[in-house]
1. Would you kindly identify the helices (runs of 4 or more DSSP H) lying entirely within the stretch 122-200 that contain at least 2 residues that are in contact with an Asp or Glu (Cβ under 9 Å, 6 or more places away or on another chain)?
2. Can you go through L133, L107 and tell me which one is modelled with pLDDT of 90 or more and closer than 24 Å to E23 by Cα?
3. Select the helices (runs of 4 or more DSSP H) contained entirely in the stretch 12-90, then report the ones holding at least 3 residues which are closer than 22 Å to I160 by Cα.
4. Got a sec? Which of V20, V70 is closer than 17 Å to L156 by Cα, buried (at least 18 other Cβ atoms within 10 Å of the Cβ) and either touching a helix residue (DSSP H, G or I) at 6+ places or on another chain (Cβ under 6 Å) or among the aromatic types (F, W, Y) (or both)?
5. Could you please find all residues in the stretch 103-120 being surrounded by 12 or more Cβ atoms within 10 Å (Cβ to Cβ) and part of a helix (DSSP H, G or I)?
Amino acid sequence: MAGRRETYTPQSLLEVAVTVFNERGYDGTSMEHLARAAGISKSSIYHHVPGKEDLLRRAVSHALDGLSAVLDEPPATTGRAVDRLEHVVRRTAEVLMERLPYVTLLLRVRGNTETERWALRRRRDFDHRVAGLLRQAAADGDLRPGADARLATRLLFGMINSIVEWYRPQRGGPQVSAEVVEAVVALAFTGLRPPDRGAS
């Protein structure tokens, strides 16, 4: 049990909630669990938030906002589609590591509540936009012939999303591992680009 704290901010309470949701699962977490982990009373939690679903929405929003912002960065909006795609893959891996607990939670939502369904819709929108980049890159002749955009999108983000299962930043070290990012990009684009095109 965490030591009792007399003062909590909405942000520090959110950090506790994300940890508990990831450990117990959202459905398996009660307000009592959150209060115990925070070392405060349930009434103190309700002083900050209406309930646990509000905490879930704030948490997955933090993950989704970071991912969505990648698609609006200048290198993701201008230039050849394959280069824009490479930027998106690189930055997605970075955001995942920067916001690891939040993205972990996002990847575990199953659509059991309105907030989870909303999060899944936003995830699908992100995937569709990336698939559009893949299709454009294929049309430009910058991907291997016969590459299926939907399948490639699923495989690509399956690889990136798997990072949440094993990546743990070293204490005192950088939050984002440049080595992991470069490995993801290299593996992805070795398979996606035609044999006669190297990485950008």
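The values are calculated or read from the model by the stated rules, or taken from the named source; none is laboratory data. These numbers come from a predicted model, not from an experiment. Positions of Cβ are backbone-derived with ideal geometry, glycine not excepted, and every protein chain shown enters the neighbour counts.
1. Passing ranges, in order: 149-161, 178-192.
2. Working: L133 fails: closer than 24 Å to E23 by Cα.
So the residue among L133, L107 that is modelled with pLDDT of 90 or more and closer than 24 Å to E23 by Cα is L107.
3. On the way: elements: 31-38, 42-48, 52-71, 74-77.
Ranges flagged: 52-71, 74-77.
4. Of the residues listed, the single one that is closer than 17 Å to L156 by Cα, buried (at least 18 other Cβ atoms within 10 Å of the Cβ) and either touching a helix residue (DSSP H, G or I) at 6+ places or on another chain (Cβ under 6 Å) or among the aromatic types (F, W, Y) (or both) is V70.
5. V103, T104, L105, L106, L107, R108, T115, E116, R117, W118, A119, L120
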